[in-house]
Amino acid sequence: MSITEEPAAKNPYDPNEIDIEEILGVTATDVDELVHTCKNNADTLFTWDYTKGSKPALDRLYEKAKKSQWNGQTDLDWSIDVDPEAVVAADAAANPFSMMSGNIDLSDTVFRNWGEDEWMKVALESQNWMLSQFMHGEQGALVCTAKIVETVPWIDAKYYAATQVMDEARHVEVFSQYLNDKLGGGYPINAHLRMLLDDIVEHSDWDMTYLGMQIMVEGLALAAFGFMRPMTTEPLLKELLRYVMSDEARHVAFGVLSLKDHYQDLNQAEIRERQEFAFEAALRMRNRLLQQEVWERVGVDPRDAVPLVLRSEERILFQQMLFAKIVPNCKKLGLLDAGDGWLRERFGELGVIQFEDWADTEEEMSVFELAQGDITAPA
Ligand SMILES: [Fe+2]
Ligand SMILES: [Fe+2]
């Protein structure tokens with residue numbers, strides 16, 4: 001299965017014309033299943049060229065990664081007591097885009113009689129849902145980077161990817177711990193996210209794993225973390241996101257560095273395939289992750305709630321911000337303007353081309369780096 005075989009939205013560029021029925025019709029059917037299987041269709045490559053530093057930028061990244069290994073158990077203060085309701089109330093007050101602040105007229109909707117308690121419940125569930133999907137996405141990254149260790153032909157990239165496997169294990173660990181210990185448990189993976197991760201993992205070309213995971217999913221995650229971190233007043237989550245982001249910036253840079261050279265050697269048809277893969281992944285993340293399970297849990301039909309959410313200022317701003325890293329990184333890779341500029345045109349139609357000159361992640365990586373003293377010495 002490839003990403004392009006997914007049925008497209010009626011007009012994927014217009015949030016008002018997203019085919020909500022079709023999206024909500026796809027639900028997880030195997031919520032009790034503990035193990036999910038998908039096919040790894042790629043060749044495993046050995047290399048006998050062990051020359052360290054043949055790819056100097058990847059070598060520098062590898063050395064940086066070795067010095068940046070924090071420990072989620074000792075570097076985060078798990079003794080912090082989290083009161084989710086107080087946090088959500090404080091965060092909503094600080095967030096002018098929240099539906100709770102009343103920027104949408106709800107008088108003719110299922111929400112007309114809703115008060116603070118109901119919105120509080122939605123906000124709590126919504127944060128829980130999002131952190132849960134981050135956790136599942138982190139496991140996707142864990143699996144993808146393990147795959148990259150096997151499939152990438154260069155020793156410097158295998159070395160670097162190995163450090164990322166460790167990073168992603170830590171990310172799954174801390175999100176899972178936060179959800180279980182501080183929020184009382186999380187949500188199963190959203191069916192659309194699972195299908196996207198499946199498509200990325202199942203692709204047979206090694207560079208598609210990078211493009212799907214390192215550039216698109218991690219680029220979006222880095223933007224989402226960057227949006228959430230200044231908004232939250234909860235100190236443990238703030239710190240957790242700071243540590244995770246310091247790794248994620250390196251991961252996106254790894255994708256940019258690895259693919260930049262590789263793409264110079266591809267022909268027009270191969271480039272177009274990559275442009276389409278990137279765009280479809282972006283559209284799916286933007287249009288299909290609608291928190292439908294949250295509405296089900298609070299007893300509202302998602303068909304009533306989702307169209308309203310899609311029109312909320314918060315959602316529209318958030319959806320645009322998700323592209324703040326993806327667009328400049330695609331530009332850096334040469335994907336935006338390659339060939340006839342197909343991807344530039346698509347991002348223009350989506351209304352996110354304005355991010356093209358924002359810092360790409362290779363440039364801004366140092367912004368996210370941990371300071372000296374952030375990593376405690378092993379006991
Ligand atoms: Fe991660
Ligand atoms: Fe990552």
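Table for the structure above
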item	result
Among residues of the range 234-258, those that are more than 15 Å from the chain's Cα centre (by Cα) and among the β-branched types (V, I, T), counted	1
Selected residue (only one of A269, A253 is of a type outside the set (D, E, K, R) and more than 16 Å from ligand 2 (Cβ to nearest atom))	A269
Search result, residues across the range 337-356 that are closer than 20 Å to M208 by Cα and either part of a helix (DSSP H, G or I) or under 20 Å from the mean Cα position of the chain (by Cα) (or both)	W342, L343, R344, R346, F347
Filter result for the condition that a residue is crowded, with 16+ Cβ neighbours inside 10 Å, within 14 Å of ligand 2 (Cβ to nearest atom) and not charged (D, E, K, R), over V143, V152, V122, V201	V143
Odd one out for V367 among (1) among the hydrophobic types (A, V, I, L, M, F, W, C); (2) surrounded by 15 or more Cβ atoms within 10 Å (Cβ to Cβ); (3) not in a loop (DSSP other than H, G, I, E, B)	(2)
Any pair with Cβ under 8 angstrom, 6 or more apart, that starts in the range 260-274 at a residue that is within 16 Å of D337 (Cβ to Cβ) and ends at one that is among the hydroxyl-bearing types (S, T, Y) and assigned to a helix (DSSP H, G or I)	I271/Y263; R274/Y263
Pair list, Cβ under 9 Å, 6 or more apart: the range 219-247 residue more than 20 Å from A359 (Cα to Cα) and free of Cβ contacts under 8 Å to residues at least 24 places away in the same chain, other residue away from ligand 2 (no atom under 16 Å from the Cβ) and in a helix (DSSP H, G or I)	K238/P230
Filtered residue count, the range 38-73, keeping only those that are in contact (Cβ under 8 Å) with a residue 60 or more places away in the chain and among the aromatic types (F, W, Y)	3
Any hit, the range 296-317, residues being closer than 30 Å to K260 by Cα, assigned to a loop (DSSP other than H, G, I, E, B) and at pLDDT below 90	no
Residue satisfying all of: in the range 217-242; within 12 Å of ligand 2 (Cβ to nearest atom) and closer than 20 Å to L61 by Cβ; surrounded by the most Cβ atoms within 10 Å (Cβ to Cβ) among these	E218
Test: residue in the range 137-151 that is over 25 Å from H192 (Cβ atoms), acidic (D, E) and assigned to a helix (DSSP H, G or I)	yes
Flag for A281 being within 14 Å of ligand 1 (Cβ to nearest atom), buried (at least 20 other Cβ atoms within 10 Å of the Cβ) and in contact (Cβ under 8 Å) with a residue 12 or more places away in the chain	no
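The values are calculated or read from the model by the stated rules, or taken from the named source; none is laboratory data. This structure is a prediction, so every number in the text was calculated from the model and none was measured. Every residue, glycine among them, receives a Cβ derived from its backbone with ideal geometry; neighbour counts consider all protein chains shown.
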